[in-house]
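Shown next, in structure tokens, is the structure this report addresses.
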Amino acid sequence: MLREKLKKCSIILASGSPRRQQFFKDLDLDFEIRLKEIEEVYPPELKAAEITDYLAQLKANAFEGELAENEILVTSDTIVWHQDKALGKPKNQEEAFKMIKSMSNTTHEVFTSVCFKTCSSSTLINDVTKVTFNELSDEAILYYVEKYQPYDKAGAYGIQEWFGFMAVAKVEGSYTNVMGLPTAKVYNYLSTLV
């Protein structure tokens, strides 16, 4: 439906995330992938959605002056926010274990920001989802980290994997947001462009 309305536009997804790429396919959108290496560093005083807003915008700014008239660039960033700090992607097994252990039997928030950039404008949207974990044994955490190696995931877990089925007690908000893209919000925003 939206694909037909946007046929005069070219959507560019600037994300190497297989999950985000799959979401765009599942939303039945025509898109191409363009990637740039960006150093994802943000000012230390930023909190929660300010961080993801900043990083999504930073990724979009890398394409400044490169977009054609009919192109819509989409960039995004996701973090897990827990105990007043951002949990990004873990560097190793030990860090992944610590991250997950800290979230056991508690609620954390997942923030995703999406930037839509054209040659003449830039718009940011974001979403937040609250996720509550069950009490997790060290054995279960270690099994997950060793078997699934979640080093490409914010907060060291994928809700769509074995871990999510076993560990998540409650989700308040968009489920797809936890996977890295608030799909309904993205679809609705793209609908406003035509």
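The values are calculated or read from the model by the stated rules, or taken from the named source; none is laboratory data. Keep in mind it's a predicted model, so treat the numbers as computed, not measured. Cβ placement follows ideal geometry from the backbone for every residue including glycine, while neighbour counts extend to all protein chains displayed. Ligands, DNA and RNA are stripped out before the accessible areas are found, and what is left, the full protein with its side chains, is counted by its heavy atoms. Shrake-Rupley method; radii C 1.70, N 1.55, O 1.52, S 1.80 Å.
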Toy charge model, Lys and Arg Cβ at +1, Asp and Glu Cβ at -1: the chain dipole around Cα centroid in debye, rounded to 20, equals 380
Keeping every protein chain present and rolling a 1.4 Å probe, give me the accessible area per residue for the range 79-194 in Å². 47
Using protein chains only and a probe of 1.4 angstrom, how many square angstrom of PHE165 are accessible, to the nearest 10? 150
Of LYS117, LYS147, LYS130, the most mobile residue in a GNM of the chain (C-alpha springs, cutoff 10 Å) is LYS147
If I take the Cα coordinates of the chain and project them onto the principal axes, what are the three extents in Å, biggest first? 53, 36, 26
Go through LEU181, LEU29, CYS115 and say which Cα lies farthest out towards the positive end of the charge dipole of the chain; charges sit on Cβ, +1 for Lys and Arg, -1 for Asp and Glu. LEU29
Relative contact order (%) - the chain, alpha-carbon pairs under 8 angstrom, separation at least six: 22
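Please report, in debye to the nearest 20, how large the charge dipole of the range 124-194 is about its Cα centre when each Lys and Arg carries +1 at its beta carbon and each Asp and Glu carries -1 there.
My answer is approximately 320 debye.
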Candidates MET179, MET99, MET166: whichever shows maximal mean-square fluctuation once the chain is modelled as a Gaussian network with Cα springs under 10 Å: MET166
Relative contact order for the range 8-115, counting Cα pairs under 8 Å that sit 6 or more residues apart, in percent: 31
Carbon and sulfur atoms account, in whole percent of the 1.4 Å probe accessible area of the chain, for 50
Over 29 Å between Cα atoms, which of LYS7/LYS36; LYS25/LYS147; LYS147/LYS185; LYS98/LYS170; LYS5/LYS85 qualify? LYS147/LYS185; LYS5/LYS85
Relative contact order [Cα under 8 Å, 6+ residues apart], the range 95-194, whole percent: 32
For LEU193 paired with MET1, estimate the spin-label separation in nm (one decimal), with each label point 7 Å from Cα along the Cα-to-Cβ line. 1.8
